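Peer 1: Would you mind keeping the following structure in view while I ask a few things?
The values are calculated or read from the model by the stated rules, or taken from the named source; none is laboratory data. Since the structure is predicted, the reported quantities are computational estimates derived from the model, not experimental observations. Note that each Cβ is placed from the backbone with ideal geometry, even for glycine, and that neighbours are counted across all protein chains shown.
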Amino acid sequence: MSTFWLWNFAILCGVLAGGVMFCRVIPLYVKKIDVCARGADKNPGAANVFALCGPVTGTICLILDLAKGFAPVYLAAQHLPMSDLRFGLVMLAPVLGHALGVFNHWHGGKCIATSFGVLLAVFPFSPMLLLLAGLYILFVAVVRIRPNRICSIVTFSTFGVLAPLWALYLSQPSVGLGCLLISCTAICKHTTRAQQALLEKEKDTSVQRAIEQAQELVQVHHTTSTQETEQSDEEETQTPHRVS
């Protein structure tokens, strides 16, 4: 197989591997739980599996999400030069496949575990895994940015700036490109999720407001009907006295 086709094959395998949504398939068939339907954020991710299915199933799904990022990149690194800029696309492929949800009706996840799996595949050649882990610890445990989706946006934004600079300093431009592309994908995914959450909140608010208005109209109508009935009863009561 020529180098050109080998690169394309590695990228395609990465996208397809990333598209396997273990965090939805395993709970669905093992626990009969659809995390996309029951999860608070509808995300097919390990956090929802831990919350809905327990630590054992959650750990299995987390490991598999890490593995689907690790395996295609690690195997590609054994046969392709990591110094080639196209290796950045190999790093992106599993994360992109996970974000798109190729085998999940194009409903993908937030890319966090898969991103760590990709960075684990290039460690210790590149220390970017430590950078992303350190940033998450900083923004989650020290700065404590909430909600989680905003924390992830800030984390990947910072990672997208620092990782390429560090990679250039280490003479690893391909890894820097991969980190930048991974960051952009994760930011886009979390931003889309944030917009969807905002729209759902606005929709719920509008529905609640409509229900309250309907209840007020029913109450007003009931009050008006009651007053008219009482007035009619009074008139009927007074009529015999006038005749006599």
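Peer 1: Can you pull out every residue in segment 171-207 that is at pLDDT 95 or above and loosely packed, with under 14 Cβ neighbours inside 10 Å?
Peer 2: Selection gives S171 alone.
Peer 1: Note down all Cβ pairs under 9 Å where the first residue falls in segment 164-184 and is within 14 Å of L131 (Cα to Cα), the second is surrounded by fewer than 19 Cβ atoms within 10 Å (Cβ to Cβ) and hydroxyl-bearing (S, T, Y), and they're at least six residues apart or on different chains.
Peer 2: So the pair list comes out as S183/S157; S183/T158.
Listed here are the residues, each with its yes/no results for (1) within 14 Å of I11 (Cα to Cα); (2) in contact with a Leu (Cβ under 8 Å, 6 or more places away or on another chain); (3) among the basic types (K, R).
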| site | (1), (2), (3) |
| --- | --- |
| P72 | yes, no, no |
| A77 | yes, no, no |
| M91 | yes, yes, no |
| P94 | yes, no, no |
| A99 | no, no, no |
| F125 | no, no, no |
| L132 | no, yes, no |
| V143 | no, no, no |
| P147 | no, no, no |
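Peer 1: Hey, I63 hits all of (1) more than 19 Å from the chain's Cα centre (by Cα); (2) modelled with pLDDT of 95 or more but one; which does it fall short on?
Peer 2: Only one criterion is unmet by I63, namely (1).
Peer 1: Spot the failing condition for H105; the list is (1) buried (at least 23 other Cβ atoms within 10 Å of the Cβ); (2) within 22 Å of T191 (Cα to Cα), and only one is missed.
Peer 2: Against the list (1) buried (at least 23 other Cβ atoms within 10 Å of the Cβ); (2) within 22 Å of T191 (Cα to Cα), H105 comes up short only on (1).
Peer 1: Here is a follow-up. If you check L92 against the conditions, is it surrounded by fewer than 18 Cβ atoms within 10 Å (Cβ to Cβ) and closer than 27 Å to T3 by Cα? Spell out how you get there, then give the answer.
Peer 2: Working: surrounded by fewer than 18 Cβ atoms within 10 Å (Cβ to Cβ): no; closer than 27 Å to T3 by Cα: yes.
In short, no.
Peer 1: Hey, which of the helices (runs of 4 or more DSSP H) in segment 102-172, taking only ones fully inside, have at least 3 residues that are touching a His at 6+ places or on another chain (Cβ under 6 Å)?
Peer 2: 148-169
Peer 1: Now a separate question. With respect to S183, determine if the residue is among the hydroxyl-bearing types (S, T, Y), farther than 27 Å from D41 by Cβ and assigned to a helix (DSSP H, G or I).
Peer 2: No: the conditions fail for S183.
Peer 1: What are the residues in segment 43-87 that are in a helix (DSSP H, G or I), more than 24 Å from H107 (Cβ to Cβ) and touching a residue at least 24 places away in the same chain (Cβ under 8 Å), if any?
Peer 2: Y74, L75, A76, A77, H79, F87
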